[in-house]
Amino acid sequence: MKKLFFILPMCLMALTACDFGRQAEERAQRERDSLLQVINERDTELNDIMGSINEVQEGFRLINEAEGRITVANGSQEGASSREVIRENMAFIQQTMAENRNRIAQLQERLNTSNINVTRLTKTIENLKTQLEEQTRRVQELQAQLAERDITIAAQGEQIDTLNQSVQQLTQDNAQKDATIATQDKDLNKAWFVFGTKAELKEQKILQKGDVLRSQDFNRDYFTQIDIRIDKEIKLYSKNAEILTTHPAGSYQLVKDAKGQYVLHITDPQKFWSASKYLVIQVK
């Protein structure tokens, strides 16, 4: 009977361990499935973007071919057929350039809202816009040459002017968006720190009755603003330092320099500033 009382708890423990193991395995599988889904979605989005970029490049190639046909027609003997070839190719160039402009605008808008690391893709879009501007200038020069030969392409000229204005407006809009994004990004990466003696922190209402930043009327001007992406080292000029605000362990190191004074090294900025964008250190 004693052996039975001993064996039963052991069996229950084994069953419980198996259940925990099965739950852990199911949880790990769900996490793997979720990660694969995110990767597949990002791959699909990237493939769509690259497909649009290829379409723009193909448009540039077709425009170049049409420009070549106009040059050939312009150099051939005057006649109704030659003028018709010029008009048809000019119309094709206008349409293709307008399509490219729309594709580039859509690509820019998509990258602005994408979670993909868009540094290289943004550069590619800028290159596409540059190519579009260069083609616009070339077509304008071609238009002037044809006008000298009394070939009527007034309608196409108006479209070119409209396209050029649209490109300029798109460039201005993108520049404004980039400035807004840069400002927002800078604001998101702002943080503030202060270090001082206990008396100094109390005087600025940063430390009150042993609590830090509990009051809303603490002196914010006493803090130093930093960019968490850049400023990862803070010299404290003291041989005694204590961090009073909450910051996750493992995201920083307090080390002493050659003079024995503490220096704060932030090893994981995103994790370090996740709990609070204010850092308060008490020194002696």
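The values are calculated or read from the model by the stated rules, or taken from the named source; none is laboratory data. Nothing here was measured: the structure is a model prediction, and the numbers come from that model. Positions of Cβ are backbone-derived with ideal geometry, glycine not excepted, and every protein chain shown enters the neighbour counts. These area figures cover heavy atoms from the full protein model, side chains too; ligands, DNA and RNA do not enter into them. Shrake-Rupley method; radii C 1.70, N 1.55, O 1.52, S 1.80 Å.
Results, tabulated for the structure shown:
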read-out: Long-range neighbours under 7 Å by Cβ, at least six apart or interchain, first residue without any contact (Cβ under 8 Å) to a residue 60 or more places away in the chain and within 14 Å of Asn54 (Cβ to Cβ) within region 89-106, second of a type in the set (Asp, Glu) and assigned to a helix (DSSP H, G or I); value: Arg103/Glu55
read-out: Qualifying position, being part of a loop (DSSP other than H, G, I, E, B) and either open to solvent by 50 Å² or more (accessible area, probe 1.4 Å) or among the hydroxyl-bearing types (Ser, Thr, Tyr) (or both), among Ala199, Ala249; value: Ala249
read-out: Some residue of region 272-280 being part of a strand (DSSP E or B), of a type in the set (A, V, I, L, M, F, W, C) and within 17 Å of Lys202 (Cβ to Cβ); value: yes
read-out: Scan of region 204-230 for residues that are free of Cβ contacts under 8 Å to residues at least 40 places away in the same chain, under 19 Å from Lys186 (Cα atoms) and in a loop (DSSP other than H, G, I, E, B), ordered by number; value: Ile230
read-out: Which numbered condition Ile228 fails, given (1) open to solvent by less than 30 Å² (accessible area, probe 1.4 Å); (2) farther than 30 Å from Thr113 by Cα; value: (2)
read-out: Scan of region 125-134 for residues that are open to solvent by 10 Å² or more (accessible area, probe 1.4 Å) and touching a residue at least 12 places away in the same chain (Cβ under 8 Å), ordered by number; value: Lys129, Gln131, Glu133
read-out: Val194 being at pLDDT 70 or above, assigned to a helix (DSSP H, G or I) and among the hydrophobic types (A, V, I, L, M, F, W, C); value: no
